[in-house]
Amino acid sequence: MARKTMSSFDIYSWVNTSGKLILGQRVDNAYYEGRFVLLKIKTKISDFLLIEPSTRIHFTKRIRPSSEFVNKPFAMLLRKYIRNEKINSVEQIGFDRFVKIGFSSENLFAEILPKGVVVLTNQENQILGATKYLRFKDREIKTKMNYIFPKIIEKKPWELNFEEILNNISKYKDIARGLIMGLNLPGEVAEETLYLSGISKEANPLSIDKVNIEQIINNVKKLIDMSLEGKGYVYFVNEKPIQATPFLSKSVLESGGKMIEYESFDIALDDYFNMVSEVVNTKIEEEKSKILHSIEENKILSSKYIEESQKLEKDAQIIAQNYSAIEEIVNCINKNNKNCKNVVKIDNKEKYAIIDFNGELIKVYFDDSLDKTIIRLYKEAGELKSKSKKAISSIDDMMKRLNELELKIEVEKVKNLIKNRRKEWYEKYHWIITRNNFLAIGGKDADQNESIVKKYLNDKDIYIHADIHGSPSVVLFTDNNDVKDDDINDAAILAVAYSKAWKAGMGSIGVYWVYGNQVSKSPPSGEYLSKGSFMIYGKKNFLKPFNVELYIGVAFKEGIPIIISGNEENIKQKSIVYAKILPGEKSQKEVAEELKTEFSKLDDKEKIYMLALDENEIMQKIPGKSRIIFVKKGLNKNKIDLKSNFSGSE
């Protein structure tokens, strides 16, 4: 069975590897959407630290702030107190799933324990805010109250002496339970330790001597040393993921399991939890379950009403066909004769009797004539038929709601895939994949322009710039191959659309390109180049003027919808739907919302994907205030994936 949370050993490894990377770093921003807390902190692994209470803490390349990360109170609180604050300490509390991140005036506590929360306190340990406000037997999570730790494991197992270890493990049936419950070693660590020590999991703890204890502790320490290397491993049994660990597990591999190795434990965790994440929204599932139950109840009820109405009609027919014989029985009842034949039941309150007439139990009213009884029975049968129709009508309404919920569930699943999609290294920039599958990236600001050229531009790459101050520096990676004019034109749109020409509302603009070896940060003697500016030496290759316009489409990567932008020829080939936008008066948010709506209308077949789109991702592709010119179907009907395996990772 797949492990659903990080263990205390995982936390120990993370705090002592990735945790050390953020010491002295500042929190650039904070986000919260009801499940994940995201702290924007620049590191070599990723720019986002993810905290999911009760489950995990690690850097992520998959989860990014989206339209769901609205301004929730806890996010606003974090921004108020710790945005731009320097991280002074990162520590594990005891040997438990509990992390403390210390700032100059506040502390952030991440409880990866069951029913855990993320809590922000001041230096006096007073709660400033939390992801949830809860009351437990021994503590309460509430603002202005003192923060009390949950019950935690204090000591690290490898720091106990021989007598303490022996005493703790001897209380249990076997050595595996002894290590897990007595020494508080996580299950995966206990099993690996015993495997390396050559001790059976079923061994009686009383048979364990000092030599065995030393073996166990030495092997635990070997796993610790391995876990401090920072690598990560995801394990599979029968092709299904079972766990992510910071150490190599021989016990899994030598029993037929498989493994993927990662350079970073964080990314191993990121991938692993994406593999095992349960996408089900419990509230929606509960409502679906209730509706299904109600549908079944109404089906049964409708059938019951029809059966009862048919029985009453049959009773009326039997009475009509055997009028005299049944009238004698009714007359007998009215004389209060207790010896009337064929009478099964008399209800004096409702004034009816159940009689057995030739093996059929029929209902007759004895306070009225048989003619009126027949009319009354047909009337009752009609009322039951009406009730049956209402039950069927209710089923139709419930089926409509059920279909809506099932659509919502499918949309939620795709949303989760989008949210957890691993972001490529180049997605922090403006980017495009050309018609012939060359990658181009452009800077979003002067800092990125500077880093793109310094870090990535090679002599034979193509450097592109719009003929205006305030254009992204665009690098088209050639990988020492010849690129076609189409590829240069595809890449040039980044320099045009994301330049100041868009905000200025210009109709067209010139663009030029040069080779990487023509670009230099060294100005002529006596001159100065500002950040993000470069000298171009030699001939500039000017392209024909470009219209200031942009095409935004929905493409696919690993079967997951992704927003792309570029010129029409490129975008319509790669997208299932796409739109043309020009500089206009509507905000990026308004245009993003409108595009999502229009995409959903245009492609019913792929409606689930369109409804799941992240408006924030669309918004990031819109250069500024805009207007939509048209929305059309693209040519990528088979949802062919974008090429994405480009070298040059951070």
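The values are calculated or read from the model by the stated rules, or taken from the named source; none is laboratory data. Quick caveat, the model's predicted, so the values are computed rather than measured. A quick note on method: Cβ atoms are made from the backbone with ideal geometry, for glycine too, and the neighbour counts reach across all protein chains shown. Note: accessible area is taken over every heavy atom of the protein model, side chains too, but ligands, DNA and RNA are not part of it. Shrake-Rupley method; radii C 1.70, N 1.55, O 1.52, S 1.80 Å.
So here's what we get for this one:
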{"read-out": "The lone exception for LYS258 - which of (1) over 36 Å from the mean Cα position of the chain (by Cα); (2) open to solvent by 90 Å² or more (accessible area, probe 1.4 Å) it fails", "value": "(1)"}
{"read-out": "All positions within the stretch 584-601 that are in contact with a Ser or Thr (Cβ under 6 Å, 6 or more places away or on another chain) and over 17 Å from ASN616 (Cβ atoms)", "value": "GLY584"}
{"read-out": "Residue check for ASP271: out of contact with any Phe, Trp or Tyr (no Cβ under 7 Å at 6 or more places or on another chain), over 24 Å from ARG35 (Cβ atoms) and part of a helix (DSSP H, G or I)", "value": "no"}
{"read-out": "Cross-chain or 6+ apart pairs with Cβ under 7 Å, the stretch 326-340 first and among the acidic types (Asp, Glu), then in a helix (DSSP H, G or I) and modelled with pLDDT of 85 or more", "value": "GLU327/LEU370"}
{"read-out": "Matching residues, the stretch 199-218, being in a helix (DSSP H, G or I) and either charged (D, E, K, R) or at pLDDT 95 or above (or both)", "value": "LYS210, GLU214"}
{"read-out": "Checklist (1) of a type in the set (Lys, Arg); (2) in a strand (DSSP E or B); (3) crowded, with 20+ Cβ neighbours inside 10 Å applied to ARG64, failing item", "value": "(2)"}
{"read-out": "Residue ranges of strands (runs of 3 or more DSSP E) in the stretch 557-650 with at least 2 members surrounded by 15 or more Cβ atoms within 10 Å (Cβ to Cβ) and within 26 Å of the chain's Cα centre (by Cα)", "value": "560-566, 577-586"}
{"read-out": "Neighbours by Cβ (under 7 Å, 6+ apart or cross-chain): first from the stretch 1-28, over 22 Å from GLY94 (Cβ atoms); second assigned to a helix (DSSP H, G or I) and open to solvent by 10 Å² or more (accessible area, probe 1.4 Å)", "value": "ALA2/VAL276"}
{"read-out": "Residue within the stretch 187-198 that is farther than 15 Å from ILE213 by Cβ, in a loop (DSSP other than H, G, I, E, B) and touching a residue at least 12 places away in the same chain (Cβ under 8 Å) present", "value": "no"}
{"read-out": "Considering residues of the stretch 423-433 that are in contact with a strand residue (DSSP E or B) (Cβ under 9 Å, 6 or more places away or on another chain) and not in a helix (DSSP H, G or I) only, the residue nearest to PRO623 (Cα to Cα)", "value": "HIS430"}
{"read-out": "Complete set of residues in the stretch 153-173 that are open to solvent by less than 20 Å² (accessible area, probe 1.4 Å) and closer than 12 Å to PRO205 by Cβ", "value": "ILE165, ILE169"}
{"read-out": "Search result, residues across the stretch 96-124 that are open to solvent by less than 40 Å² (accessible area, probe 1.4 Å), acidic (Asp, Glu) and without any contact (Cβ under 8 Å) to a residue 60 or more places away in the chain", "value": "GLU106, GLU111"}
{"read-out": "Single residue of the stretch 12-45 satisfying the filter (part of a loop (DSSP other than H, G, I, E, B) and open to solvent by less than 10 Å² (accessible area, probe 1.4 Å)) that is nearest to VAL118 (Cα to Cα)", "value": "PHE36"}
{"read-out": "Residue among ILE87, ILE82, ILE127, ILE93 that alone is surrounded by 13 or more Cβ atoms within 10 Å (Cβ to Cβ) and free of Cβ contacts under 8 Å to residues at least 24 places away in the same chain", "value": "ILE127"}
{"read-out": "Single match in LEU384, LEU402, LEU417 (criterion: at pLDDT 90 or above and either over 18 Å from ILE291 (Cα atoms) or of a type outside the set (Asp, Glu) (or both))", "value": "LEU384"}
{"read-out": "Number of the exception - ILE260 against (1) part of a helix (DSSP H, G or I); (2) closer than 30 Å to ILE45 by Cα", "value": "(1)"}
{"read-out": "Qualifying residue in the stretch 408-422 (condition: out of contact with any Leu (no Cβ under 9 Å at 6 or more places or on another chain), in contact (Cβ under 8 Å) with a residue 40 or more places away in the chain and not in a helix (DSSP H, G or I))", "value": "yes"}
{"read-out": "Among residues of the stretch 334-393, those that are more than 20 Å from TYR305 (Cα to Cα), touching a helix residue (DSSP H, G or I) at 6+ places or on another chain (Cβ under 6 Å) and of a type in the set (Gly, Ala, Ser), counted", "value": "1"}
{"read-out": "Which numbered condition GLU278 misses (of (1) under 30 Å from MET398 (Cα atoms); (2) part of a loop (DSSP other than H, G, I, E, B); (3) at pLDDT 90 or above)", "value": "(3)"}
{"read-out": "Breaking point among (1) in a loop (DSSP other than H, G, I, E, B); (2) in contact with an Asp or Glu (Cβ under 7 Å, 6 or more places away or on another chain); (3) not basic (Lys, Arg), for VAL344", "value": "(1)"}
{"read-out": "Enumeration of residues in the stretch 298-310 that are touching a residue at least 12 places away in the same chain (Cβ under 8 Å) and either within 23 Å of ASN358 (Cα to Cα) or in contact with a helix residue (DSSP H, G or I) (Cβ under 6 Å, 6 or more places away or on another chain) (or both)", "value": "ASN298, LEU301, SER302, TYR305, ILE306, GLU308, SER309, GLN310"}
{"read-out": "Where LYS137 falls short, out of the listed (1) open to solvent by 30 Å² or more (accessible area, probe 1.4 Å); (2) touching a residue at least 24 places away in the same chain (Cβ under 8 Å)", "value": "(2)"}
{"read-out": "Some residue of the stretch 526-533 being over 40 Å from the mean Cα position of the chain (by Cα), in contact (Cβ under 8 Å) with a residue 24 or more places away in the chain and more than 30 Å from ASN480 (Cβ to Cβ)", "value": "yes"}
